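Asker: Got a structure for you, written out below as structure tokens; questions coming shortly.
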Amino acid sequence: MKLFWIVILWISETFTGLIRNMWGNATAVLLTVACLTLFSVSYVVGLNATYFSKTLDNKIEIRVDIKDDVTTYKKYEKKILNLKGVSDIQFVSKETAYKKMEKEMADNAEVLHAVGENPFQAQFIVRVDNPSQIDGIVTQIKALHIHEDVQYGKEYVEKLISFTKTIQRIGYAVTVLAGIFTIYIVTNVIKYNIDKRQDELKIKHLTGAGMLTIRLPFILEALVITLFAGVCVYELFVWGYGKVEEIIRDMITYAPLLPKEGVLNDLFFPLLIISLGIGLLGSFISTQRFIAKY
Amino acid sequence: MIEFRHVKKMYERKEVAVDNVSFSIHEGEFVFLVGPSGAGKSTLIKMMYKDEKPSSGKIFMFGTPIHRLRVSKLRRNIGVVLQDFHSSLLKKKTAYENVAFVLKQQGKSPSFVKKEARKALTKLGLADKMHKFPHQLSGGEQQRVAIARAIVNNPKIIICDEPLGDLDSENARNVMKYLNVLNQEGATIVMSTHNEEIVKEENKRIIIVQDGVVQSQEEWNMSTISGIMNGNVPLSPIDDMLGEGENS
């Protein structure tokens, strides 16, 4: 029963403190929202970058344009398929390549007809298990000397992934800086709240209130501030992610973006932990430094 | 109840506030701690409620070495009244709320808080002033609210550091009247004071502190005590006696 009344006291003191310094607390909420938004954007960019690279990994293929004098396709098809790391191979004859292009060009097929002779090479489309092995496989295919040309999008993909990861890293660095700044703000807001209640604290000390009873309302205040900020940011993503997704899809139809539900699920716990972490750390520093100990 | 054994307190820069002090205060006693300003009275009082730690020596409270007692536990079992009642009362809370505040911090139920806070205020003659704010009360009444707050836990020891300091003689006597009642009800009271009149009138045990040292009460007469309290300090009882002899 005693614990019940103590908890009621903590809650009432927490909300009294929040109301007493309403503007200071509102500022802290806004700054925490800014910090958590930066973190969440970086995190979601990271999630999408990973998803994007996985999607591309599955789509990476090597296109081998076969020399016209090579006729023993089956033999080479088998050889390539037996190479370590090759998951699949598909032979596309000159005719199939021509028909495919004709179909893709549809109304503009006349341009192709104007070329006259079939300009396409027979091709092997080779798929690999792991994009990191692609260099080795390409070297081995080239060693067969059946190729007119070998093309694969590895460099492009790598550049894209590296670019996305750089953005993600910059995002995390900014988040860390913003996090430190937010902890500083929370620390100062709680310091201000402590200063405002010095009279009460003096009496609490004098009459033997426990240190936990003295400190907890301030810790709870900070947690309410940062958790509220966390909820705001989450709601911002609930509302905004779908809209951003829509805009990107308008620009790039097949953009590999994670669905909203998945992003929100993945974001929930990291956001919760960061919110709690900032609140706990900020209030811990304040209560340690600015509340006198027994 | 309270025992000091060869207690020494040194502050930073090696300033000695209390030097080799020993005394005992027994259950149910009412003891005045007197001496000039800076003699070490407040340091002794602060050590009793663990606001200061002794540099050496031992202090026993309720028969237990004070260093073994948790501060919060100790302070819940003693009542502390300070001189500055203006800042020790919460200005935005009524007399009742000021007293109830202590019990609420200890997780007591609302019905218990209500009953005990009313009881403490009634005991201090403030039954009709419960819902007044500190600025609506006289200095003496405010100090009585502070005493009510100190006794709301029913402590066996009440420690008062210059509680009459900011009061006129009428209010001081009024406060003393209530402290005497509490003493008669069994509370042990230790009170540091500068109020010479009250010390003379009350005729209680006196512990004299001078330059951080406790002097033996038996060797002093009342006029010498007055001299000490006014800061007109003889070096020792022997010097005092010699001085008297020369004059006569």
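The values are calculated or read from the model by the stated rules, or taken from the named source; none is laboratory data. The structure displayed is predicted, hence computed values, not measured ones. For neighbour counting, all protein chains shown are included, and Cβ atoms are generated from backbone atoms with ideal geometry for every residue, glycine included.
Asker: From the list A:8, A:19, pick out the single residue that is loosely packed, with under 13 Cβ neighbours inside 10 Å and in the same structural domain as residue A:173 (by TED's automatic domain parsing).
Answerer: A:19
Asker: Answer with yes or no whether residue B:97 is free of Cβ contacts under 8 Å to residues at least 12 places away in the same chain, in contact with a helix residue (DSSP H, G or I) (Cβ under 9 Å, 6 or more places away or on another chain), away from chain A (no Cβ under 11 Å) and acidic (Asp, Glu).
Answerer: For residue B:97, the condition - free of Cβ contacts under 8 Å to residues at least 12 places away in the same chain, in contact with a helix residue (DSSP H, G or I) (Cβ under 9 Å, 6 or more places away or on another chain), away from chain A (no Cβ under 11 Å) and acidic (Asp, Glu) - is met.
Asker: Here's another thing I want to ask about it. For segment A:103-149, enumerate the residues that are β-branched (Val, Ile, Thr), modelled with pLDDT of 80 or more and over 14 Å from residue A:79 (Cα atoms).
Answerer: Within segment A:103-149, A:128, A:134 qualify.
Asker: Now, a different point. Checking the conditions here, which among B:105, B:136, B:83 is within 14 Å of chain A (Cβ to nearest Cβ), free of Cβ contacts under 8 Å to residues at least 40 places away in the same chain and either surrounded by fewer than 22 Cβ atoms within 10 Å (Cβ to Cβ) or on the phi < 0 side of the Ramachandran plot (or both)?
Answerer: B:105
Asker: For segment A:165-183, check the following and say yes or no: at least one residue is part of a helix (DSSP H, G or I), modelled with pLDDT of 90 or more and not β-branched (Val, Ile, Thr).
Answerer: No, segment A:165-183 has no match at all.
Asker: Condition (residue is of a type outside the set (Phe, Trp, Tyr) and closer than 24 Å to residue B:143 by Cα) applied to segment B:52-67: is it met by at least one residue?
Answerer: The answer is yes; a qualifying residue exists.
Asker: Mind listing just one residue for me: the one in segment A:46-71 that is at pLDDT below 85 and among the β-branched types (Val, Ile, Thr) and, of those, surrounded by the fewest Cβ atoms within 10 Å (Cβ to Cβ)?
Answerer: A:71
Asker: OK, next. Across segment B:47-58, what is the number of residues that are in contact (Cβ under 8 Å) with a residue 60 or more places away in the chain and either in contact with a Gly (Cβ under 9 Å, 6 or more places away or on another chain) or part of a loop (DSSP other than H, G, I, E, B) (or both)?
Answerer: Residues flagged as in contact (Cβ under 8 Å) with a residue 60 or more places away in the chain and either in contact with a Gly (Cβ under 9 Å, 6 or more places away or on another chain) or part of a loop (DSSP other than H, G, I, E, B) (or both) within segment B:47-58 amount to 1.
Asker: Among the residues that make up segment A:207-214, is at least one of them crowded, with 20+ Cβ neighbours inside 10 Å, part of a helix (DSSP H, G or I) and within 14 Å of another protein chain (Cβ to nearest Cβ)?
Answerer: Yes, because at least one residue in segment A:207-214 is crowded, with 20+ Cβ neighbours inside 10 Å, part of a helix (DSSP H, G or I) and within 14 Å of another protein chain (Cβ to nearest Cβ).
Asker: Something else about it: Just for helices (runs of 4 or more DSSP H) wholly inside segment B:59-105: which have at least 3 residues that are not small (Gly, Ala, Ser)?
Answerer: B:71-76, B:95-105
Asker: When the residues of segment B:120-133 are narrowed to those that are in a helix (DSSP H, G or I) and hydrophobic (A, V, I, L, M, F, W, C), which ends up surrounded by the fewest Cβ atoms within 10 Å (Cβ to Cβ)?
Answerer: Only one residue fits best here, namely B:127.
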